[in-house]
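What follows draws every value from the coordinates through simple rules; no lab data is involved. All of these numbers come straight from a predicted model, not from anything done at the bench. As a convention, Cβ positions derive from the backbone with ideal geometry for all residues, glycine included, and neighbour counts pool all protein chains shown.
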Amino acid sequence: MAATGEYRRLEDPEEDSPPGEEEMLLHVPEGLPDSWYHVKNLDDFFSRIYRFHQRNGFACMVLADAFELGQFAFVVAFTTFLLCCVDYDVLFANRPLNHSRAGDRAKVTLPDALLPAAQCAQRIRGSGWIIFLLAMATVFWLYRLVKVLCSLLSYWEIRSFYTQALKIPSEELCSLSWQEVQARLMELQRRQPLCVHKRELTELDIYHRILRFKNYTVAMVNKSLLPVRFRLPLLGSVVFLTRGLQYNLELLLFWGPGSLFQNKWSLRARCKRAEARRELARGLARAAVLAGLANLALCPCVLLWQLLYAFFSYAEGIKREPGSLGARRWSLYGRLYLRHFNELDHELQARLSRGYRPAAEYMNSFASPLLAVLAKNVGFFAGSILAVLIALTVYDEDVLAVEHVLAAATLLGVVVTVSRSFIPDEHTVRCPQQLLQRVLAHVHYMPDHWPGNAGRSETRSEMGQLFQYKAVFILEELLSPIITPLILIFALPARALDIVDFFRNFTVEVAGVGDVCSFAQLDVRNHGNPQWLSAGQTEASVYQQAEDGKTELSLMHFAITNPRWQPPPPSELFLSHLKEQAQRDAAAARAPGTAWPSDEASTTSPVSPWPHGSVSGILAWPAVPAGAMVANDRGFGIAGGTASLLASLVASQRAWGPLGDGGRLRPQESAAPPLLLCEVAQAEMSLHAVYMHELHQQQQQQPPQDVAPQPAGTPPLPPVTTGLARAPLGGWAEEEEEEEEETTT
């Protein structure tokens, strides 16, 4: 056989990405660039591959970056023009015009209100503040320009990688899912080693590379480490997390100068030593204060930009549709609280988008009778005046020439629209408990005290922290330049020691991947919670357990999303036991006359075995279908209803193809359409989430069981509250030992 390449020996392995195996001989095929062999920074490389897919290729990315530069330049130039080049006395008719010809009407035109270019330039030069702001804007724009030009080379490299290495033409990129691209990446690793420290890449390896820092952030939110929750007078418990604050936290912890990570894949060696924890905490606290002072110094410029950008972005939409401010969106805190470990951005967005309508219906089910009465009467008075103005305008359009008539009509229209948004639909009957169950089916997480209390105002208030008004989001972003420095200076330093302890205690080194958050390993044995179906399978102490079933639900989500992934033995055992429990509950719940989707119906029509002709139709069923609760002496409760739906879903998958390990349908071996397979996976995960929460609620009602002992010398933690707010996370025993040594000396 003719040789198709040559063998090379890698040199300087210590300079490459994370250590795994020792140096090895690699077979290098011909025809592909050397830069794609032994990629040194696989975190950045895989992240660029993922962004290239999600942003729909080279042309879309370049065009978006170009318009971003143009948008910034437009906002700065247009604002300067409005400040210095418009004669507002003429525009508002406060000063009469001197027309050159007799008989000209005193009608102001746009050119009349514009100042000459020389006068405009003179006004700009005469203002020191404008020159200073323009200089700063120019420097920032040039920096962004250089960054975009450098990105063009990166975009072209990834485009070449897609077309040459992955064999994906640009015109087919949008038609391929990320799972298909990921499968080609893993196949390429077998033929051409992108990572030389592992012979094969798994789905979890790729997710670890892309989501290394995001997994740490999700874990810190889960353990209530980040200073984002505050109790204020009159307002009570509030959550404040904005893009600016999130950027500063990531800068301090992950990739900024002096951060805890020395590069993209490795934690600093000092951060792994317990004796350096206090020094590191002092350094982190000092860096937080300096970052807060820098934010204070830049506050006027950032605040001005936030105001201008918000005005140009939202003013037209608010005028056209005033009720848009009353729409809701998932908050930044909600996206972190509801995010699974190892969940990519598009997966999270799709899941929250499916849960948007049930969440909106749930929040709208809380109608205030007093507010509805006020809204009806305010809307009546404003609508009456508006109707008269419209009638007068129809009779004679000169009415619009009367001063402030047009402004009054616009304002009255806004009042009428806003008032209508507070009036509930009298023909709609909503059940908060069912709506909250539908929300849970998609978002997968909720505090323990929500079930059974869906109609309480406290539950609605906490849900509002996850699913906030768009107006609140805009207000928080406008206030961010003022509040973010205060949080960095006063709140973050107090958490510095806990954060340093967190990174030391919850970081593991994975061969061929580097340092990752141990929670992201989806290891039930080390981070499982006995109250979440992992009793007897976990060795985790209270300190090591993830809250709200995050480990168990994340494991189930990742296994369903990546059906070819082989979990580690403890996690595989957990999944098997959960499926066996669901089968037992489904068998117990199959009482005669129960109206469940039958297995026969599932196998006879593999395309639409569910109500409404879609697999997702099962999520429209009531939270507890008729017949789910039969008799407690039969040994099952409401979990049996969800288990029966799960059993029917599994039966329908058998009709489409053979099931792989763990009872999961493998896409490449299925005869069903890909979109239907995706819908099946979404429905399966939704049912598993509801089922696991129901079992968790049942387990909580049972007598408490003994939990695994904590590591030797670990101080007892305060009890964890059942709401979204939890007690601050404590450190390990070193702090107590050091304090005892100080007192003895």
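Laid out as a table, the results:
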{"quantity": "Mean Cβ count within 10 Å, highest first, over the residues of peptides 112-119, 180-187", "calculated": "180-187, 112-119"}
{"quantity": "Mean Cβ count within 10 Å, highest first, over the residues of peptides 262-272, 384-394, 534-544", "calculated": "534-544, 262-272, 384-394"}
{"quantity": "Segments 573-585, 507-519 sorted - mean Cβ within 10 Å per residue, highest first", "calculated": "507-519, 573-585"}
{"quantity": "Debye log10 I(q)/I(0) for segment 341-417, one point scatterer per Cα, at q = 0.11, 0.15, 0.16, 0.19 Å⁻¹", "calculated": "-0.56, -0.71, -0.73, -0.83"}
{"quantity": "Span from the segment 315-354 Cα centroid across to the segment 521-573 one, whole angstrom", "calculated": "28"}
{"quantity": "log10 of Debye I(q)/I(0), alpha-carbon scatterers only, for segment 195-338 at 0.11, 0.16 Å⁻¹", "calculated": "-0.64, -1.15"}
{"quantity": "Estimated FRET transfer efficiency (Ala310, Arg357; beta-carbon r; R0 22 Å; 0.05)", "calculated": "0.25"}
{"quantity": "Partner lysines for Lys107 [C-alpha distance under 18 Å; skip if fewer than 8 residues away on the same chain]", "calculated": "none"}
{"quantity": "Using a Förster distance of 22 Å, the FRET efficiency for Cys299-Lys147 (Cβ separation, nearest 0.05)", "calculated": "0.40"}
{"quantity": "Flagged links, alpha-carbon separation over 31 Å, of Lys223/Lys579; Lys40/Lys214; Lys376/Lys470; Lys147/Lys214; Lys264/Lys579; Lys167/Lys272", "calculated": "Lys264/Lys579; Lys167/Lys272"}
{"quantity": "Residue-wise HN-Hα coupling along segment 266-282, computed from phi with Karplus coefficients 6.51, -1.76, 1.60 (Hz; x: Gly, Pro)", "calculated": "9, 6, 4, 4, 5, 6, 8, 9, 5, 5, 9, 5, 5, 5, 5, 5, 5"}
